[in-house]
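J.: Dropping a structure here in C-alpha cells format, bear with me for questions.
The values are calculated or read from the model by the stated rules, or taken from the named source; none is laboratory data. All figures in this text were calculated on a predicted structure; none of them were measured in a lab. Backbone-built Cβ (ideal geometry, glycine too); neighbour counts: all protein chains shown. Ligands, DNA and RNA are excluded from the accessible area calculation, which covers all protein heavy atoms including side chains. Shrake-Rupley method; radii C 1.70, N 1.55, O 1.52, S 1.80 Å.
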Amino acid sequence: MNLKKLQSLAFVPKLLKPSANLLFLQPVGIPLPAALDPASNNNITAAKLHLLGAALVLKLEEVHKQGLLHLDLRPRNLILRALPSEDPSEKFWSDNIIMIDWETALPINTTVTGVLGVQWFQSLAWLEANSKGQSYTVTPFDDLESLAYTIYDCVLIACGDKHSAANNFEEIKVLRSLPDLINDFLNELWRQKNTRKLNYSRLAHSLRESSKQIETADSNASSAETANLGADRKTCGAIIKRNNKFDFCRSHKNACRWHRISNSSSQ
C-alpha cells in the first residue's frame, strides 16, 4: 500500500524521505486531548466539537478519494497546529487539524481478520464480525463511524471524563446506545449505508445542525429557569435530546446515566 499519494493533503504529516512509506516526520503541534483538557481552561463545548466533526468528515472525504482508509481515528491521533480559542469555528478546526498514526491505513474494501486500532472507536459491524471470528471488509463507513465515537470521546475529555474501559462487542454495543450527542450523525450515516449512497456533505451538515441545536440548548441553560434548577449544582446538566431538540437533563446528577456525557459549560 502506498501512502505517498496522501502527501498532497495538508493535514497529513510529511514522509521522512521520498522513499519512505510509513516513516512520517513528527508534526509540531498540540495533541487534541491536551488541548481539550479542562486544565487548559479552553472550555471547548460540545457544540464546537461537532464543528470539529464536520471538518473531519471533509478531511476523511479527501483521504477516501485517494482510495485509502485511516482505520484508527481517535482523539489521540489528532494534533492541532494551534490552541483553539473558546469559540473555535469549523474553519479553525479545518485549518489546524493534523491526522497522525497511519500505520493501520489500508486500501478501501480490504478484507481483514481481527480489529485494527482501539476497539472502542471501531464500527459495530466490524466489532461484531470480530466477535464471531469472521473476516470483515473495511469501507469508508468504518472511518466515519469511528469519527462519531471520536467526537463523543472529545466531549468526555472536555468535561474531565473518559470513555468506559469496555473492550468487548456486547459491552460496547450497550454503552453505544446511550449518547444522544452523536445519534443524529449516526442515523444519517446508517441511512446512507443502507442505501449505499455516501454523501459527505450531508454528513457534515448533520453535525453543523447538531452544533446549532446544542448552542440553543446551551443558551437556554443560562435562562432563569435553568439557572434556578442548577443553582445547587446537583442537577445533571448533560446534553440529551427531548422532543427532537437538544436540552439539558434536569435529573439529579448522582442518579442520571447521562451525567457522564455532560459538557464543560454545564458544570
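To keep it simple, each residue is scored yes or no on (1) open to solvent by 20 Å² or more (accessible area, probe 1.4 Å); (2) over 20 Å from residue 58 (Cα atoms).
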residue	(1), (2)
79	no, no
102	no, no
108	yes, no
125	yes, yes
132	yes, yes
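J.: Turning to a different aspect of this structure: Tell me, which residue of the range 1-13 that is not in a loop (DSSP other than H, G, I, E, B) and not basic (Lys, Arg) is modelled with the lowest pLDDT?
T.: 3
J.: Further question on the same structure: Looking only at the range 14-57, which residues are under 23 Å from residue 106 (Cβ atoms), open to solvent by less than 10 Å² (accessible area, probe 1.4 Å) and at pLDDT below 90?
T.: Listed by number, the list holds a single entry, 20.
J.: Looking only at the range 134-162, how many residues end up being open to solvent by 40 Å² or more (accessible area, probe 1.4 Å) and of a type outside the set (Asp, Glu)?
T.: So the answer is 5.
J.: Being over 17 Å from residue 14 (Cα atoms), within 17 Å of the chain's Cα centre (by Cα) and assigned to a loop (DSSP other than H, G, I, E, B) is the filter here; which residues of the range 56-98 pass it?
T.: Passing the criteria: 71, 72, 73, 74, 84, 88, 89.
J.: Which residue pairs have Cβ atoms under 9 Å apart, sit 6 or more places apart or on different chains, and have a first residue in the range 202-217 that is under 19 Å from residue 91 (Cβ atoms) and among the polar types (S, T, N, Q) and a second that is open to solvent by 70 Å² or more (accessible area, probe 1.4 Å) and in a helix (DSSP H, G or I)?
T.: 206/187
J.: Specify which of the listed residues (234, 197, 193) is at pLDDT 90 or above, exposed (fewer than 15 other Cβ atoms within 10 Å of the Cβ) and more than 17 Å from the chain's Cα centre (by Cα).
T.: Among 234, 197, 193, only 197 is at pLDDT 90 or above, exposed (fewer than 15 other Cβ atoms within 10 Å of the Cβ) and more than 17 Å from the chain's Cα centre (by Cα).
J.: Is there a residue in the range 142-155 that is of a type in the set (Phe, Trp, Tyr) and more than 17 Å from the chain's Cα centre (by Cα)?
T.: no
J.: Continuing with this model, one more query. Looking at residue 116 and the list (1) at pLDDT below 95; (2) part of a helix (DSSP H, G or I), which single condition is not satisfied?
T.: (2)
J.: Pairs under 6 Å by beta carbon, first residue within 17 Å of residue 75 (Cα to Cα) in the range 38-50, partner of a type in the set (D, E, K, R), six or more apart or different chains?
T.: So the pair list comes out as 43/86; 47/215.
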